[in-house]
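Every number in this text was worked out from the coordinates using simple rules, so none of it is lab data. Here the structure is a predicted model, which is why all the values come from computation and not from measurement. When we count neighbours, we look across all protein chains shown, and the Cβ atoms used for this are built from the backbone with ideal geometry, even at glycine.
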C-alpha cells in the first residue's frame, strides 16, 4: 500500500542514480579508474550522493563501496590501449565487483560469451571439400567415361540392343549366349526371349531402376550413416551386416553368375562405401544430394573400390579431367577420415539384447524361427538376427525397455526424405489445450493474483522501516570508509610511506551488502540486515575488535524514533561479525568480516596459513559465498516476472511453517529462479506461486529428483545436499497440499491471510452496497 | 483502502469483457463451441485425425507484452533496461491464461540430472510387471477366436441382409484388445456396430439374436443379452464376453428419440471409441506405450484415487509422456512412468489447469468428466505415489510387494540410506462449500448421468 507510490519516484530516481553510477561493468570500471586517479583521497560511492537520504533509497543493487585501493585488484593498470581493451574485456561479466578474485564464480553468468573463439567454419573445410569434389568427380568421369563410350555407341542408356538377327537356317542358338542377348544392363537381369525382354523393359521395375540410374530419382540415404553399395546389383545397404547378407543372398549370386556367363568382369564382393548425405551435403558444390554422395566414393576399411559401375554422366566433367588429374594426387584428406570414423563406429556397434531373442524349434529340434521378445517380431534367417540386433528399432526398444543409457541416433524428420512421396504426417498434436475455460466460481471473488498481492503488501516492510535500514546501513558504510582511511594512515606512518603510495597496503578493501538487504527481500519481520566487509588479509580477532571500536568512533548517530541515536557495536567472534545496533531499534546490522584469502588457500591446511587469532574459516567462506549468491541473484531474479514477489512469499512461508524452515535462503532462491525461468510465458504472481508448488509437488526436491546444481561453486554441487530424506518428504508433502488448496480456492489458507481477506471482503461488500444505493438514489433523482 | 482498490479491479480493460466480466484470452483462440452434436463430431473426425492438430510441442502462449503506460501503481517493470527494477510487482500481466503444469522433462534444461536415479532398475521392474499383466498365448487365442467368429457373423449379417430393416453401415473392433493393452484375465471384446437404419432398441435386440443364431450354427455355446449399450454375447465355454456397442450414422442424429432408440450419450461414446482406435493405430500402435498403459490400468484398479482416470486418458497421457520430449527422443519406460505420475501430481488434471488437449475431441481436455472431488483425490493419490516411489517403494506402487498395503490410505515406512522415512497420505483440499458456484460445463452433465 505504501510501497508503490514510492516506487514511482524511486524508479525515476533510481534510473538517474544508476545512470550516474554507470551500472554496467565497463562503465563501472572506467569510473573506478577515474576515481582512483583523480579523486584519490575521496571516498568513492557507486551510488554517488547519499545526502538525500530522506528519499526512499532502499537497497540499491550492487551497492558496493569502493575504496581507492580497489584498483589493486584489477589485473593491470591500463597503460596502453591494448591493455585497456583487455582490462575491459575482463571486466565485462559481473557488474561492480568483478575485480574481486573471489567473485570469479559469478563471472560465468555474465555476458562473457564474447570470449568464445568464433566457430571454425571457413577455410579448411572449404578447401577440403573442394579437393574432395574435384577428386571424386575425376574418378567419376574416369569411370563413366568408359561406360558412356560403351553405352553410347551401342544402345540407348541402360539397355542392350535387340539381338543381332539370327540366321535363317535356324541355328540361332550358336550365335552367342542368349543370356547376353536379352540382358538388361540396368537391372542385371537376363530374359528368356525377346518377348519377356520387351515386357521387362516396359515394366515398372525396370523404369524405376532406369530412373534411378540416370539420377532422376534419388535414393534416400541415411543422413548420418555410411551406406554400403553393391555396384553389381545396384543395391544400397545401410549397414555392413545387411550388405553381407545381400552378398550371401540368392539374388546377388544370380547376378554374379549371369555376369560370369557374359564374361564380364565381376566386381569383388566388396562394397563401395558412400559417405552419409550429411557430409555430402556439406560440400561446396551445389550438386544434388544423391549425385554428390555417389561421387564421393572413398576409401574404406574393407577395400578401396573405385566405382566402375556408377553411371552418373556428366559431359562437363570430361573437360575438367586434366586439372582433376593434378588434384587427384593430393588425395581426399578429411572426408576419408570422417568416413573412416563412421565406419569404425559402424564396426564397433555391438549387437545388444541378444538374450531377448528366443529361437523356436520344431519337434525335431531344428530352429524354425527367431522371436525377439523386445520388439515382438519374428524372423527365420540367422543373418537377419544380427542385423536386427544392431538395428535402430531394436536398439530403441532396448533403450526404452532395458537400459535407458544407450545411444540411439535420432531419426531425421520426414522432410529430408523424398518429397515426391506424399506421406501423411502422423497426427502430431498440441499437447496442451489452447482454448480457455470458463473461470469457475464467483465472478466478483478475488483472484489468486490479487490475494497474492494482498499478502505481499502485508509482509512488505513499511516506509519507516525502510528508511531506518537505509540510514543505518549508509552510516555504517561511511564509517567503515573512515575506519579504512584511518587504518591506512596508521600503517603509512608506521612504515614511513607517503600516504598516496600506501594505497596498496589498505587492509579494509570494501564493503558490500548481501542477502535480503541486497536482494531486496527484506520483510517486515526481519530483525537483521547484513553487510560483508572485505579485507586484504585474513581477518583476526584483534582486527575485529579494532574495527568495532573505530566504528563506534566514526559512525554518525542514526535517526530513530524522531531523534538521532548513537550506534553500539557487539563483537561476535564466533560468528566472525560485528553486530551494530542503534538504541532500542529492533533491527540490527551485521558486519561480517571476510577475505578472498579464505577461498584461495586450501581449507584442509587452514591451521598452517591461519594467522594468530584468525576468525572461523567456515564463517568467512560463508560470507564470501553470500557475496557470490547476491551477485547471482541480482543478475538473474529482478528481470524475471513475479520472481521477487514469490521469493518474498517463500521467505514468509519459511518463517511461518516449520516444515519449510529447514530450507535455507540460498536453495530457496535458486529453486524459485530455476522454476520460474523454465516457464515459457511470463507469469503473474499467482501463477508463479502455483508453478513453484507444482514443481515441488512433482518431486523436484526428492532424492530421485534432479537436484539443484549450485551455479556459484567451483565444483558441481547440489544446493539441496543438506536435506535429509524425511525433510524433503515433509516439504514436498506440504507443497502438494498447498497446490491443491490453491486450486480449490483456498489460497488464503496457503498464504495465511484468512482473517485479513474476510475483513477485506466485508469491507468491499459494504462499498458495493453503498455504490448500489448511490445508483438507486441517482435513479430516483432522475 | 489502496488494498481494496487493488483487489476490486483497475486491471487492464483488455482482460475483461465489459458485459459479463468473464475473462477472455488476449490472443485469438477458437471460438467457444456449443456442445457437440453427433453430426458435428462426425464432420470433424477426419479433420482431427489428419492435420487438425500439428505443430508438435506447445508450451503456454506467450504472456502479454508490457502493459501500456505506467499506471499509478505500476513501477517500472522488469522489461526496463539497465538496473534491476525496484522492489515491487512490476507491471502485472492483464490476465494470465492457464499455464501448462510444471514438467520436469520439458524443463530439463534448467534442472540437470546429476544421477541416473536407478532408472534401469525401475525400467526393468516395469517391464517385468507389464509382462505379468499381459495375457498369455492361450488367452489371446481364445479372444482372437471369438473375435473372428463374431466378425464373420456380422459380415454375414450385413452382406446377406438377414433382417431387412436392420442395416449395418460398418463395424470395427475397438477397445483394449484391439490396442493390445488388455490385462490378463480380462476376457472381453468390444465391437462397435454403426447402424445405417435407426438404432431402435428392438432392432438392436433382433441384431443380437440373429448374430447369436449365426454363431450357434457354428456350434458355439453362447448366450445373447440385450444391454443399454447394445448386446452382450457370452461365449460361455471359454468365458469370453463380446460387447456389441451400437452407434449410428450422423444422418440419423436428428431423429433420435429417448426411450425408443439406444441412448445418444452412449452412442457418442462408442463413436469416440472408434476415433480413439484410429488415433491409436496412427500414433501408438506397436510402441512400448502399451505396457505402460497396462501398468496404469492395473494401478487404477488397486488405488481408489486413480479410478476417475478414464482408460482413454491413461492411454493418451502415457503416450504423451513417452513421446513428447525436448529432443524428440522416446523416453525410456522408467522415466515415462515417473513423468506420468509427476504430471498428475503437478495438477495437469486439476481445475483451472490448462489440461491436455484431447486429440480426438477438440474442445475437451479430459477434465469434463471428472468432478472436483475426484480431481482432488486423483491428484493427491498421484502425489503420494510420487513420494513413495522416491523413497524406493516401487513394489508397493506396482503391486508386486508381498504385503498388501494401500499406500494412499495408510502411512508407510521406508529405509532410505539408513534413515527411516515415513510417508503419510495427504489430506483433502477440496471443500464443497467454497466451490459451489458455477461448475464447469461438464459437471452438470456428469451429475445428470449419475
Exercise. Could you state the per residue volume, in Å³, of the convex hull enclosing the Cα atoms of the range B:125-181?
Worked result: 75 Å³
For this session: Give the distance, in whole Å, between the Cα centre of the range A:721-747 and the Cα centre of the range B:269-306.
Result: 31 Å
Seminar exercise, completed: With N residues in the range B:176-233, Rg(alpha-carbon) / (2.2 N^0.38 Å) equals 1.28
For this session: Quickly work out the residue A:198-to-residue A:257 label distance, labels modelled 7 Å from Cα along the C-beta direction, and quote it in nm with one decimal.
Result: 2.8 nm
Problem set entry | Value of relative contact order over the range B:320-430, rounded to a whole percent, pairs C-alpha under 8 Å and six or more apart | 20 percent
Problem set entry | Radius of gyration, Dmax [the range B:235-324; alpha carbons; angstrom] | 16.6, 45
For this session: List, largest first, the extents of the alpha carbons of the range A:585-654 along their principal axes, each in whole Å.
Result: 48, 32, 17
Problem set entry | Over the range A:577-682, relative contact order from alpha-carbon pairs under 8 Å, at least 6 apart, % | 18 percent
Exercise. In nm, what is the difference between 0.36 nm times the number of residues separating residue A:721 and residue A:610 and their Cα-Cα distance?
Worked result: 37.1 nm
Exercise. For the range B:122-260, what is the convex hull (Cα atoms) projected area averaged across all directions, in square nanometres?
Worked result: 9.8 nm²
For this session: Before anything else, pin down the relative contact order of the range B:268-330: Cα pairs under 8 Å, at least 6 apart, normalised by residue count, whole percent.
Result: 29 percent
Exercise. Taking neighbour Cβ counts within 10 Å as the exposure measure, how do A:722, A:183, B:414 sort from fewest upward?
Worked result: A:722, B:414, A:183
Exercise. For residue A:358 and residue A:344 in one chain, what is 0.36 nm times their gap in residues minus the Cα-Cα distance, to one decimal in nm?
Worked result: 2.1 nm
Problem set entry | For a label point 7 Å along the Cα-to-beta-carbon line of residue A:618, residues of the range A:574-612 with backbone N under 13 Å | A:574-576
Problem set entry | Taking B:256, B:356 and counting other C-beta atoms within 10 Å, the order from fewest to most | B:256, B:356
Exercise. Which value in Å is the Kirkwood Rh of the range A:608-713 over different Cα pairs?
Worked result: 15.4 Å
For this session: Take the Cα atoms of the range B:344-405, find their three principal axes, and give me the spread along each one in whole Å, biggest first.
Result: 43, 22, 18
For this session: Using the 2.2 N^0.38 Å rule of thumb for compact globular proteins, work out how the range A:555-675 stacks up: its C-alpha Rg over that value, please.
Result: 1.33
For this session: Kindly put A:237, A:643, B:360 in sequence by how many other C-beta atoms sit within 10 Å of each C-beta, fewest to most.
Result: A:237, A:643, B:360
